[in-house]
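Inspection log for the structure reproduced underneath, given as structure tokens.
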Amino acid sequence: MARTKLIPDSEVLAIALKILLIQGEKSVTFSAVAQKTRLAPPTLVQRFGSCAAMIDAALSLAWDQLEAQTTTAFADTAAKGRGVQAMLKALSAPIDSPALVAASLRYPALATRAKAWRNQVEAGLTLKLGSGAKAKEAASVTFAAWQGRLLWDGAGGKGFRLGEAVKKLT
């Protein structure tokens, strides 16, 4: 009879993802994750097989969550008649999308997901900004500015106002 899992895989993967995004890929070891989860390293080996598989599962789970969050943000802002800033604010937490994208680029399947997500967000922005080539270009620039702001906010770069930039683009 199999033992009951005290900590579900999703929680273990969330901890592995946090270590990955803060300390880097080489910091994600069975020992490091075991220390944070209070599970034995052999238990983690049984669950995931290898550190690489655990990292892939953590990143894949994060993409699943970000894609679901994106769908919800689009639906909520459309239903409430809210604009670009509300949509991007809804996508800004709890997942650190710039860090997730950066961590995913080394894995072809995850890089494809990152590209598809960017296309999805840009398409949603385009719908909110109007139609045609100008709206599509403004959406692309808005996406890049938003991701750049998220990336640099942690380093004290809060001087940039995304809302003002969006107004100038449209």
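FYI, it's all coordinate maths here, none of it is from the lab. Predicted, not measured: the structure shown is a model, and the values here were computed from it. As a convention, Cβ positions derive from the backbone with ideal geometry for all residues, glycine included, and neighbour counts pool all protein chains shown.
Looking for whichever is polar (S, T, N, Q), out of contact with any strand residue (DSSP E or B) (no Cβ under 8 Å at 6 or more places or on another chain) and touching a residue at least 40 places away in the same chain (Cβ under 8 Å) here; the options are Ser31, Ser10. Which one fits?
On the way: Ser31 fails: touching a residue at least 40 places away in the same chain (Cβ under 8 Å).
Within the list Ser31, Ser10, the selection yields Ser10.
Per-residue answers, yes or no, for (1) in contact (Cβ under 8 Å) with a residue 60 or more places away in the chain; (2) loosely packed, with under 15 Cβ neighbours inside 10 Å; (3) in contact with a Ser or Thr (Cβ under 6 Å, 6 or more places away or on another chain); (4) not hydroxyl-bearing (Ser, Thr, Tyr):
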residue: Asp56; (1), (2), (3), (4): no, no, no, yes
residue: Asp64; (1), (2), (3), (4): no, yes, no, yes
residue: Thr71; (1), (2), (3), (4): no, yes, no, no
residue: Ala78; (1), (2), (3), (4): no, yes, no, yes
residue: Gly81; (1), (2), (3), (4): no, yes, no, yes
residue: Ala90; (1), (2), (3), (4): no, no, no, yes
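Only one of (1) in a helix (DSSP H, G or I); (2) under 18 Å from Trp146 (Cα atoms); (3) of a type outside the set (D, E, K, R) fails for Ala93. Which number is that?
Failed condition: (1).
Pairs needed: first member in segment 135-150, over 22 Å from Ile95 (Cβ atoms); second member anywhere, assigned to a helix (DSSP H, G or I) and not charged (D, E, K, R); C-beta distance under 6 Å; at least 6 residues apart or different chains.
Here the result reads Ala135/Thr126; Ala135/Leu129; Lys136/Thr126; Ala138/Leu129; Ala138/Leu169; Val141/Leu169, each pair linking segment 135-150 to a residue that is assigned to a helix (DSSP H, G or I) and not charged (D, E, K, R).
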